[in-house]
Amino acid sequence: MSKKLTIGLFGFGVVGQGLYDIIKTKNLNIEIKKIAIKDAGKERSLPASYFTTDKDELLNDPEINTIIELINDTEAAFEIASRALSSGKSVVSASKKMIALHLEELLKLQDQYDTSLLYEGAVCGSIPIIRNLEEYYDNELLHSICGIFNGSSNYILSKGFLEGMDYATALKQAQDLGFAETDPTMDVGGYDAKFKLIIAAAHAYGVVVEPEAVLNLGIENLAADDIQYAREKGLKIKLVPVAKELDDEHVALFVMPKLVTPDEFLYNVEYEYNGVIVQAAFADQQFFFGKGAGGHPTGSAVLSDVAALRYDYQYEYKKLRTNKGLKFTNDIELCVYLRYEDDELVEALEFVEIKERYYSGSYKYIIGKLKLSKLIDNKQRISDQKAFLAFADQLTGVSLVSAK
Ligand SMILES: NC(=O)C1=CN([C@@H]2O[C@H](COP(=O)(O)OP(=O)(O)OC[C@H]3O[C@@H](n4cnc5c(N)ncnc54)[C@H](OP(=O)(O)O)[C@@H]3O)[C@@H](O)[C@H]2O)C=CC1
Ligand SMILES: N[C@@H](CC=O)C(=O)O
């Protein structure tokens, strides 16, 4: 027999409203008792009696046994999640930044108070990747996980490649459709994809990595020359987070644009869709595909977590608890395409191998192999120069290799 859930919902924006739309079509022994929002003056689709701006009305209500946290304020989200867990309430959250920044503390709270925090909606919207990493791949050795983890940036790239739309218009559309974060730098700068990657890596590899230790380069500096280059070579550009096990002791994580060939799964993942490629030792390559952003797709993942709580489901974090020394590293070499202005950047990056160089007027690029650590050291310089960088292993026939 499933448990009755009495819910306190935080947030009634894109995802909160999306979740509500889905819940009202179901008969799941779930009651939303109160909804906390920020702005009491906003027009709502439900009677005013549902809403409050006082978080304590939800957090201190002994009848509410489940908190769903769907707000756009990271620190407030952490306070809500930690207070709820500490008072024995289960929590479902879609706040990937909050979870990636506070994973260690959230794990301790779950252990200490024997409560459950679920967050399928936080990673790749409707794609059930966390539950699969937890349950299906718990005994599998995973060589890598990569994919398209951000709907907004993929939407902008698709609009540019397929429809010739300019960057600013495509970004505005992604915002209007409710895909983008409140600060869209999170999307286009690769931060959002990084937070999701960090959460996925905790389940896939049992490593908890600080977000600032992981390199994220985004698509903000993408220029017409880069799109033209990719088109002429029959490639597309996608923003791709990668977690790759290098050996028994090291796993590398990074987020960067990638030049993708037509034979790759990610080539046909367009608009707000996401894709996750899992390379496993025995299952081999597997591909998950689905909408990565939007109220209803994300609401469906949140609802799946809520439904699981009716049966007291908890993540076991098996790989984390049995980790025998696998550590995060940035000690890896990558093959990249770099469009740049000033030769001084190329020198600073200390390419270990140069495969191709091109100059024509103001368009200059170089393709070669370099250390990820050099990109980390020069992240600000890359940004200041508005240089664009994409990794390109297939292009050069060199796959990701350990620097050692
Ligand atoms: N949009 C998407 O496609 C996806 C979003 N997410 C994540 O889900 C979360 C919500 O995103 P989204 O729905 O798009 O955001 P929105 O901006 O659409 O909605 C945010 C909601 O949070 C409320 N809110 C903000 N601060 C507080 C607070 N301190 N207490 C109570 N309520 C508060 C706002 O109140 P008010 O209405 O009064 O302004 C609003 O209802 C974010 O963490 C986001 O990263 C995850 C996956 C997909
Ligand atoms: N801003 C995010 C929303 C979902 O996580 C995205 O665009 O993917």
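The values are calculated or read from the model by the stated rules, or taken from the named source; none is laboratory data. Since we're looking at a predicted model, the values are computed, not measured. So basically every Cβ, Gly included, is an ideal-geometry build from the backbone, and we count neighbours across all protein chains shown.
Check whether at least one residue in the range 372-388 is free of Cβ contacts under 8 Å to residues at least 60 places away in the same chain and over 30 Å from the mean Cα position of the chain (by Cα), and report yes or no. No: zero hits. Exactly one residue among LYS38, LYS97, LYS34 is closer than 28 Å to ASP187 by Cβ, surrounded by 18 or more Cβ atoms within 10 Å (Cβ to Cβ) and of a type outside the set (A, V, I, L, M, F, W, C), and that residue is LYS97.
Total residues in the range 115-163 satisfying the condition of being farther than 29 Å from ASP248 by Cα, assigned by TED's automatic domain parsing to the domain that holds PRO184 and away from ligand 2 (no atom under 16 Å from the Cβ): the figure is 3. The set of residues from the range 311-343 being assigned to a helix (DSSP H, G or I) and of a type in the set (Lys, Arg) comprises LYS318, LYS319, ARG321.
Quick check on my filter: what residues within the range 344-353 are surrounded by 13 or more Cβ atoms within 10 Å (Cβ to Cβ) and in a helix (DSSP H, G or I)?
LEU345, VAL346, ALA348, LEU349 - these are the residues of the range 344-353 that are surrounded by 13 or more Cβ atoms within 10 Å (Cβ to Cβ) and in a helix (DSSP H, G or I).
Conditions tested, residue by residue: (1) within 16 Å of ligand 2 (Cβ to nearest atom); (2) modelled with pLDDT of 95 or more; (3) of a type in the set (Gly, Ala, Ser); (4) out of contact with any Leu (no Cβ under 6 Å at 6 or more places or on another chain).
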position: ILE37; (1), (2), (3), (4): no, yes, no, yes
position: ILE67; (1), (2), (3), (4): no, yes, no, yes
position: PHE78; (1), (2), (3), (4): no, yes, no, yes
position: ARG83; (1), (2), (3), (4): no, yes, no, no
position: LYS89; (1), (2), (3), (4): no, yes, no, yes
position: SER93; (1), (2), (3), (4): yes, yes, yes, yes
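When GLN279 is tested against (1) out of contact with any His (no Cβ under 6 Å at 6 or more places or on another chain); (2) assigned to a strand (DSSP E or B); (3) over 30 Å from ILE67 (Cβ atoms), only condition (1) is not met.
Consider the range 264-280 and keep the residues that are among the charged types (D, E, K, R) and under 23 Å from ASP225 (Cα atoms). The one that is nearest to ligand 2 (Cβ to nearest atom) is GLU270. Within the option set THR74, THR6, being within 16 Å of ligand 2 (Cβ to nearest atom) and within 26 Å of HIS102 (Cβ to Cβ) holds for one residue only, THR74. Just one of the listed residues (GLY125, GLY121) is within 16 Å of ligand 1 (Cβ to nearest atom), part of a loop (DSSP other than H, G, I, E, B) and crowded, with 24+ Cβ neighbours inside 10 Å, and it is GLY125. Pairing each residue of the range 105-131 that is free of Cβ contacts under 8 Å to residues at least 24 places away in the same chain with any residue that is surrounded by 23 or more Cβ atoms within 10 Å (Cβ to Cβ) and in a loop (DSSP other than H, G, I, E, B), provided the two are 6+ apart or on different chains, yields no C-beta distance under 9 Å.
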